[in-house]
Amino acid sequence: MSIAEDHDPAIVGVTSAPKPRRRRLLAIVLAVVTAQYTIVALVVGTSVAGALHYLVTPRVVAQFEAIAAALKH
C-alpha cells in the first residue's frame with residue numbers, strides 16, 4: 001500500500017493543492033532574469049554604439065569626403 005492509500009482522501013487532496021509560494025518564487029525568478037537580460041542588453045548596446053561612433057564613423061566620413069573630393073576634381 002502506498003502512503004496516499006493510508007490517509008483520508010480529503011487530507012490527501014488538501015496537501016496536493018497548488019502552492020502559491022512556488023508561483024511567487026517563480027514570479028520573482030522571472031523578474032530577476034528579465035532585469036538581468038535588460039541590463040546586459042543595455043550594456044552591450046551602449047558598447048556597440050560607442051564603438052561605432054568613435055571607431056567606425058570617422059573612417060566612413062573620411063572615405064566619403066575623399067570620394068567627394070575626388071569627384072570634384
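The values are calculated or read from the model by the stated rules, or taken from the named source; none is laboratory data. The structure displayed is predicted, hence computed values, not measured ones. With ideal geometry, Cβ positions are generated from the backbone for all residues, glycine too; neighbour counts draw on all protein chains shown.
Every residue, every condition in (1) surrounded by 10 or more Cβ atoms within 10 Å (Cβ to Cβ); (2) modelled with pLDDT of 90 or more; (3) among the charged types (D, E, K, R), yes or no:
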site: I3; (1), (2), (3): no, no, no
site: V14; (1), (2), (3): no, no, no
site: R21; (1), (2), (3): no, no, yes
site: L25; (1), (2), (3): yes, yes, no
site: V33; (1), (2), (3): yes, yes, no
site: Q36; (1), (2), (3): yes, yes, no
site: Q63; (1), (2), (3): yes, yes, no
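Answer yes or no as to whether A51 is surrounded by 10 or more Cβ atoms within 10 Å (Cβ to Cβ), at pLDDT below 90 and hydrophobic (A, V, I, L, M, F, W, C). Outline the logic, then answer.
Details: surrounded by 10 or more Cβ atoms within 10 Å (Cβ to Cβ): yes; at pLDDT below 90: no; hydrophobic (A, V, I, L, M, F, W, C): yes.
No; evaluated as a whole, the condition is false for this residue.
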